[in-house]
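For reference, the structure discussed in these notes is given below.
The values are calculated or read from the model by the stated rules, or taken from the named source; none is laboratory data. These numbers were taken from a predicted model, which means no experiment stands behind them. Backbone-built Cβ (ideal geometry, glycine too); neighbour counts: all protein chains shown. The protein model used for the area step is the full one, side chains on, heavy atoms only, and it has no ligands, DNA or RNA in it. Shrake-Rupley method; radii C 1.70, N 1.55, O 1.52, S 1.80 Å.
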Amino acid sequence: MTKNLFISFEGGEGVGKTTLLTGLASRLEGRGADVVRTREPGGTPIAEALRNVLLDPRFNEEDASPTTEALILAAARRNHVEQKIDPALKNGNWVLCDRYIDSTRAYQGSRISGSDLEKIEALATGGLLPDLTILLDAEPSDLLERRQQRGQNTDRFERRSIEYHRTVRKRFLNIASAEPHRIVVLNALQTPDELIDAADEIITSTITKVE
Ligand code: Z5A
């Protein structure tokens, strides 16, 4: 295995990002790749502490404006890029990251101006974009049905309306159609093994493109 890639995994809540990332990392490791598995918000001690602030149920929307929220996410991302992602890539590791900039674009992007979002993103990433982003996509009602069929907990998913999940899905799909060279959309309703196979094929063609 030659070229190491930075790959991010995106999509709505509970769509299967972590499962795909884990399966793919094991497959790559089986071929001798050194893989760093990480997530956002998080990935470093400071960024994990900021994640706890962002997800703390004691705080609600009145406690932080959308811009404040985007800036906390950006601080976490900058620290993650500086301390973990960039050094790993320079060291020849693969980096597989559960969520990255497209989550900010999809979730915070509807509530702050495009120019603020661009400035915040530039500072957070220092210009570092993934070589490949895999967007897992499914109609939210199908996703809910899948969870119910598998006897999985649906509370967190159902805390927000299907309309909310549809809006997030639409934003992710719009982001993907604006950057087809970086973002590949996969049907999330495939089995985990089918998804790993599909992602593996995409990685092979991405390596050809970047080498
Ligand atoms: N957020 C933000 O607003 N802005 C940002 O910039 C960033 C994040 C970076 C936390 O994210 C919140 O942060 C999130 C966006 C916001 N909030 N919302 N809404 P998170 O990534 O920590 O949380 P999450 O999106 O809900 O991820 P998750 O719960 O870890 O879900 P997942 O990783 O997509 O799914 P999973 O854990 O792999 O799978 C969920 C279940 O489905 C599990 O039981 C699996 O066994 C099952 N599964 C997975 N794949 C399959 C397939 N293919 N078939 C059948 N069953 C499957």
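Which of the following residues is touching a strand residue (DSSP E or B) at 6+ places or on another chain (Cβ under 7 Å) and more than 13 Å from the ligand (Cβ to nearest atom): VAL15, VAL36?
Values: VAL15 fails: more than 13 Å from the ligand (Cβ to nearest atom).
When all the criteria are applied, what remains is VAL36.
Can you go through SER205, SER177 and tell me which one is part of a helix (DSSP H, G or I) and modelled with pLDDT under 95? Spell out the reasoning first.
Details: SER177 fails: modelled with pLDDT under 95.
Testing whether each residue is part of a helix (DSSP H, G or I) and modelled with pLDDT under 95 leaves just SER205.
Please pick out the residue among LEU123, LEU129 that is within 15 Å of the ligand (Cβ to nearest atom), part of a loop (DSSP other than H, G, I, E, B) and open to solvent by 40 Å² or more (accessible area, probe 1.4 Å).
On the way: LEU123 fails: part of a loop (DSSP other than H, G, I, E, B).
Answer to the selection: LEU129.
Between a first residue in the range 17-46 that is in contact (Cβ under 8 Å) with a residue 60 or more places away in the chain and small (Gly, Ala, Ser) and a second residue that is in a strand (DSSP E or B) and open to solvent by less than 60 Å² (accessible area, probe 1.4 Å), which pairs have beta carbons less than 6 Å apart while being 6 or more apart in sequence or on different chains?
Sorted first by the residue in the range 17-46, then by its partner, the pairs are ALA25/VAL35; ALA25/LEU96; ALA33/TRP94.
Among the residues of the range 132-161, write down those that are farther than 25 Å from PHE6 by Cβ, out of contact with any Ser or Thr (no Cβ under 8 Å at 6 or more places or on another chain) and open to solvent by less than 50 Å² (accessible area, probe 1.4 Å).
Of the residues in the range 132-161, the ones farther than 25 Å from PHE6 by Cβ are 139-161.
Cutting the leftovers down to out of contact with any Ser or Thr (no Cβ under 8 Å at 6 or more places or on another chain) gives us 139-143, 145-146, 149-161.
Hits for the range 132-161 are GLU139, PRO140, SER141, LEU143, THR154, PHE157.
Identify all residues within the range 81-120 that are among the polar types (S, T, N, Q), farther than 21 Å from ASN4 by Cβ and loosely packed, with under 15 Cβ neighbours inside 10 Å; write none if there are none. Talk me through it step by step, then tell me what you get.
Of the residues in the range 81-120, the ones among the polar types (S, T, N, Q) are 83, 91, 93, 103-104, 108, 110, 113, 115.
Filter once more, keeping what is farther than 21 Å from ASN4 by Cβ: 103-104, 108, 110, 113, 115.
Correct list: SER110, SER113, SER115.
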